[in-house]
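Have a look at the structure below before the remarks.
Only the coordinates and a few stated rules stand behind these numbers; no lab work does. This one's a predicted model, so the numbers in the text were calculated from it and none came from an experiment. For neighbour counting, all protein chains shown are included, and Cβ atoms are generated from backbone atoms with ideal geometry for every residue, glycine included.
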Amino acid sequence: MAQTTQVMEKENLKHSPTLNTVMMVEEVLKNAGELLNLAELKRRLPRKVMHQTLLQILDYLQFSGKILIGTKGILWIFEERKELDKLINRGTEL
């Protein structure tokens with residue numbers, strides 16, 4: 001039974017995004033500074049991305065809490081913790 005599930009999952013995933021593609025989409029959304037719809041996001045990407053692949057990336061980013069997807073578009077919400085980086089750099093290593 002488990003083998004059948006794995007085969008079905010592989011058939012559903014036609015194309016997996018690469019790390020470079022995920023980072024490219026993240027960068028465009030970070031630098032946008034505004035609400036983007038899917039068509040505008042596709043226009044702003046430096047390389048073409050398959051529609052299904054882009055949807056997988058957006059699902060991942062939403063699940064990880066980096067973006068919000070609403071009826072009007074997609075918005076980057078993740079803020080890096082600069083204070084934490086300062087504390088780590090200033091801290092003592094054990």
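Of the trypsin sites (Lys or Arg not before Pro) found in region 13-43, those in coil by DSSP whose Cβ has at most 13 other Cβ atoms within 10 Å are Lys14.
Farthest toward the positive end of the dipole of region 2-90, out of Ile69, Leu84, Thr18, is the Cα of Thr18, where the dipole comes from beta carbon charges about the Cα centre. Among the GluC sites (Glu not before Pro) in region 42-94, those located in a DSSP loop and surrounded by at most 10 other Cβ atoms within 10 Å of their own Cβ are Glu79, Glu80, Glu93.
Taking chymotrypsin sites (Phe, Trp or Tyr not before Pro) across region 13-82, the ones in a DSSP loop with at most 16 further Cβ atoms lying within 10 angstrom of their Cβ are Phe78. Strictly over 26 Å apart at the Cα level, which of Lys42/Lys86; Lys48/Lys72; Lys30/Lys72 would you flag in this model? Violating the 26 Å limit, Cα to Cα: Lys42/Lys86.
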